[in-house]
Amino acid sequence: MGIKAVIFDLDGVIVSTDEYHYQAWKSIADKEKIDFDRTINNRLRGVSRAESLEIILENTNKKYTQDEKGELLEEKNNVYKELLKNLSASDILEGVNEVIDYLKANNIKVAIGSSSKNTSLILEKIGLSNTFDAIADGTMITKSKPDPEVFILAANKLEVLPENCMVVEDAEAGVEAALNGKMKVSAVGDAIKCNKATYNLDELINLTNIINENNRYYI
Ligand code: B16
Ligand code: MG
C-alpha cells in the first residue's frame, strides 16, 4: 500500500497563523466583554470561523442574532487579515521546506487540507502558492473537521486513495477528520496530547523517517 501523498493542514503545521487567530478573536471578545484566553483558543484549532464564534459565545449570556454574529465574523476576519499583512516566507515553520523537498524528490504528492477560507492569501504571503499538487480549503467544503470532507477532497484532487494518504495535523479535530477519512495521520504540536494519531511527531522532519518506513516495501 504505502504512502503516495501527504496532505498538510495549514494553520499550525505549515505556518503559525494560530497566534494571529488568537489576537483577532481576543480583540472581538474584549470588545464584547467576553472572557477569552489561550486555553479557549486551543479549542478553536482546525474549527471553522463560524463554529469558533459559537465556542467563544459559550462564555456569555447575551443572545446574538444571526446578523450580529455575521458582523462579528466579518470584523474578526478583517482584524485577522490585517495581521496577515505581516506574514512572509520567514514564518514558514521549521522543517516544512525540507520535508516538502524530500517528498517531491521521492515522487510523493503534496496537498493542503485546511479549514481556512484565507488559504490562498496565506500561501501567497509565504511564497508557497505554486508548491502543492492540490489544495482543499474552507471555501470548498460544507462540513468542518472532524468530518473528513476537506481531506477526501484533497485526495480526490490528487487521485490518490485515502489509505495511501498521510495527513499532518496540529488539531484534535483534524486528527479525527483524517482517521474518519480512513487515512493515516501524524500529529504535531497541540494534537500530540490527544493521543489519537497514527504517529506523533516531536519534529516535523521526523516525517521523512515515517514515510520511509511505510514505503520500504513499495518503492
Ligand atoms: P478562517 P487549519 C483553521 O485552519 C484554523 O486552525 C482555525 O483556527 C480557523 O478558525 C479555521 O482555519 C478557519 O479559518 O477564519 O481563515 O477561514 O488549521 O484547518 O489550516
Ligand atoms: Mg491547524
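The values are calculated or read from the model by the stated rules, or taken from the named source; none is laboratory data. Keep in mind that this is a model prediction, so the values were computed, not measured. Glycine also receives a Cβ, built like all others from the backbone with ideal geometry; neighbour counts cover every protein chain displayed. Only protein heavy atoms, including side chains, enter the accessible area calculation; ligands, DNA and RNA are left aside. Shrake-Rupley method; radii C 1.70, N 1.55, O 1.52, S 1.80 Å.
Points worth noting:
- Exclusive hit being of a type outside the set (S, T, N, Q), under 18 Å from the mean Cα position of the chain (by Cα) and crowded, with 20+ Cβ neighbours inside 10 Å, set 172, 203: 172
- Consider the stretch 92-115 and keep the residues that are within 19 Å of residue 181 (Cα to Cα) and not aliphatic (A, V, I, L, M). The one that is most open to solvent (accessible area, probe 1.4 Å) is 109.
- Residue count for the stretch 92-145, restricted to those that are of a type in the set (Lys, Arg), away from ligand 2 (no atom under 16 Å from the Cβ) and touching a residue at least 40 places away in the same chain (Cβ under 8 Å): 2
- Check on residue 61, more than 14 Å from ligand 1 (Cβ to nearest atom), out of contact with any Asp or Glu (no Cβ under 8 Å at 6 or more places or on another chain), farther than 23 Å from residue 120 by Cβ and in a loop (DSSP other than H, G, I, E, B): yes
- Once the stretch 75-91 is narrowed to residues that are away from ligand 2 (no atom under 16 Å from the Cβ) and of a type in the set (Asp, Glu), the residue that is least open to solvent (accessible area, probe 1.4 Å) is 75.
- Check on residue 47, open to solvent by 30 Å² or more (accessible area, probe 1.4 Å), touching a residue at least 60 places away in the same chain (Cβ under 8 Å) and within 13 Å of ligand 2 (Cβ to nearest atom): yes
- Within the stretch 1-24, being over 17 Å from the mean Cα position of the chain (by Cα) and surrounded by 19 or more Cβ atoms within 10 Å (Cβ to Cβ) holds for 3, 4, 24.
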